[in-house]
Amino acid sequence: MRTTTPRRPDLGRPLYALILLNEAIRSVLLPPKGDPMTRFRPFVIALLGMAFLMAVSPPTSAQDDAQGVFDTVYGAKLKQVKSTATSRDDLQLVDQLLLGAQEATGSPKLAVLICDAAYDLAHKHVLGYDKAVAAMEMLAKLDASRKADAHSNIIDLRLRQFKIAKPDERAAIGGPLVNFMAEAAETYAADGDFESAADLYRQAWQVALRIRSPHVDTMRSRYDAFRKLVLAQEKADKLVEDLRETPGDAGKAAELVELYVVDLDQPEKLVDYIGLLPDGVDKDRAVQLTLPPDKLTNAQVAGLADYYRKESRTAPRGVKYNLLSRAAEYYGMLEERDGVDSLLKTRAKLTVTQIQSELARLSAAGEAPVNIRVSSNRWTVIFRSDNPRNWNQKVDADGHFAIPISEAPQDVRYLKLTRTDTRASVIIPISNAKLTTNLTQNGVGWNGTSRYAWGSRSLGLYKTEWQGSTTGEVYPGSPGLGRGYRGWGFGIVHNDRSAGQGFAWGGKRIDKTTFEIAVSTLPLATYERSKLLYRDDGGSVANGPNKAISGSNERWTVLFRSDNPKLWNTNHSDRNDYAVTVDKAPDDIKYVRLRRMDTRQYVIVPVTKDRLRRISHEGGVGWAGGERHWDRYHLGVYREDWKVPTRTPNEVGLHGGLITTYRGWGIGRLLGTKDQHGYTWNGKKLPRAVAFEVAVTATRLTPIERRLMVRP
């Protein structure tokens, strides 16, 4: 007998129908002032009919439904208000849109469309700034991927309000604005975007000055600190280029290592430049700093711990905290390792205690780290406390922090448990549904229950091979029946109820400490894979090396770096040039960045992967993706309003036209010659050959990057 699977109810369509009915009723009960009701009867009848049809008709895709409902309900109104010169009807419609967005929150796709429309209308009028902010605040909650853009728009609107406000109104606007910009700056810093963080702190500092805020000095110091990081990164990039041209320069190699280790606190990034370093102490240390801890000998761990401790003593303000944290992490490893001399273990333990006191003093003095490590943007902290009772709660007070698991990012892939006193951490693959459960896989367990028993709670990771029943041991894994599993985190102190809450790390009982639990939706970075307690089975980054493209960072994937356009879309790597084929680019790229390597200036244009290898233009701006004209190639960005005849000498063309071409940025044909390439920037010919870098990204642009988008 043939059976059919019951169709899942499409809850979106009744919701859309409800919105249509709501709009129809509102049109009846709240007609525009001065308009006769009869004028709206056809509209009301149409809405009622469409609501009925949508409720009973077969479902289509959610996006199609959302756009269709939006066009039906608001399309005519939008067209009407945009055709008038007055702002009054614009803002009246904005009020309706904001109400509609609130009613449509059960259908995020529709609500996002409504928020965008509300912002588009409201932000153009001074009286609409608050309404535009409300639309962006709602959008940030609806679509996490657009949260940063929404916050950027909010800052822009509040800055406009601040500039036109009366003197006695500025403090009310400026105070919250300073705090909001500071939070946004730290978010950019977590993404490794120090330039945008510095820019926001600069603006926050200026606003704080004008309102005589008590936070003036803080905003200034944060701006200075991030600006130093920007300069340090630029200096590091220049050193890399110098070492590519003159390999073996011991002085520059030592300077590069110090920049990444001390100033930037990003030693893992040295992995891309090991080949540029001459043999010696600096290269050996760089190699060790990029290795996973389990690949280091006890002597190497001790050496790195002492190195960071020594560097911290003479470190400038702003980086001392980071160096001490790194030192504590390596000393903590010595405490946990087997085969370490007892005297060395004792020294490590005592030193960690000293460092903890120093870190507490620095934190109290406002010298907490300005540089959130590179991996921070990959992780969302959902718990930080020494009390497991706070797990899965809403807590933010007295040094304790936690959020409900329901507020964690969707599509979680990994969980990281960190011991905050030493910064040592362990990682497991996990999904959202498993965060509050007790699970085991490949001999490793996660106890997310925070179950209370025998006077304490169990929350953490454990190994099933570490089963025990010894009095005084701490068991994060506690199946009961007089036994448990040793591991990492909070646990029951076996057979000792009077001991209270137990704390453990690496299977051993430790003193009371604060644990941090964070989750990530992204693949693990290369240096993070060594912290995995077991590998997942999905063929992810945990199962093998992450083939990072040379010179790429967390956001941009480098495809080309050379002054020879013939290398575009080839696989090539030597001391001077680098290129990979375009198919290595992520599938969902949104932008291409062209960087001039001698000055580090860059421009950005939107592009998709299928357009990378050809001429592509939109809105008066074009991308030349290696187009060949006779024996010359075009690689770069051009503007269609920068047209120039092909017979014009001493100009560089970036398009293969026979009669006219276009000026721009990049490498093209040198007009007036038969086979020579020319190099150009901002429409002007450069006096010599220059190396350019082409990189792509699938992520959102930062505020500074958006300003460098090429527009006609």
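Laboratory data are not the source of any read-out in this text; all were calculated from the coordinates shown. Predicted model only: the values in this text are computed from it and were never measured. Heads up, the Cβs are rebuilt from the backbone with ideal geometry, glycines too, and the neighbour counts pull from every protein chain shown.
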Sorted by chain and then number, the residues having a modelled amide H within less than 5 Å of the amide H of Asn438, at least 5 places away or on another chain, are Gly448
How far apart, in nm, are two points set 7 Å out from the Cα along the Cα-to-Cβ line at Arg347 and at Gln410? 5.4
Which distance in nm do the two modelled labels at Val381 and Ala453 give, with both placed 7 Å along the Cα-to-Cβ direction? 3.1
May I ask you to list the trypsin sites (Lys or Arg not before Pro) in region 100-152 that are in a DSSP loop and have at most 13 other Cβ atoms within 10 Å of their Cβ? Lys124
Compute the length gained on full extension between His125 and Gln354: take 0.36 nm times their separation in residues and subtract their Cα-Cα distance, giving the result in nm to one decimal. 76.7 nm
What is the list of residues in region 668-684 whose amide nitrogen lies under 16 Å from a point 7 angstrom out from the Cα of Thr599, following Cα to Cβ? 679-684
Give me the extension gain from Ala144 to Gln102: residue separation times 0.36 nm, minus the current Cα-Cα distance, reported in nm with one decimal. 13.4 nm
May I ask you to evaluate 6.51 cos²θ - 1.76 cosθ + 1.60, the Karplus curve with θ = phi - 60°, for each residue of region 147-160 and list the ³J(HN,Hα) values in order in whole Hz, giving x for glycine and proline? 4, 5, 5, 4, 5, 4, 5, 4, 4, 4, 5, 5, 5, 4
Multiply the residue separation of Val230 and Ile615 by 0.36 nm, subtract the distance between their alpha-carbon atoms, and state the gained length in nm to one decimal. 135.2 nm
Protection-proxy order for peptides 379-387, 110-118, each taking the mean of Cβ atoms within 10 Å per residue, highest first: 110-118, 379-387
Region 606-651: chymotrypsin sites (Phe, Trp or Tyr not before Pro) in DSSP coil with no more than 10 other Cβ atoms inside 10 Å: Trp630
Distance in nm between Arg647 and Asp294 label points, each 7 Å along Cα→Cβ, equals 7.2
Rounded to the nearest 0.05, what FRET efficiency do Arg497 and Leu362 give with R0 = 41 Å and r taken as the Cβ-Cβ distance? Could you check? 0.60
Calculate the FRET efficiency for Val271 and Thr86 from the Cβ-Cβ distance with a Förster distance of 60 Å, rounded to the nearest 0.05. 0.50
J(HN,Hα) series, region 283-293, from Karplus relation 6.51 cos²θ - 1.76 cosθ + 1.60, nearest Hz, glycine and proline x: 5, 4, 5, 4, 4, 5, 5, 9, 8, x, x
DSSP-assigned coil residues among trypsin sites (Lys or Arg not before Pro) in region 209-312, each with at most 13 further Cβ atoms within 10 Å: Arg212
At R0 = 45 Å, how high is the FRET efficiency between Lys163 and Ala689 if r is their beta carbon distance? Nearest 0.05 is fine. 0.50
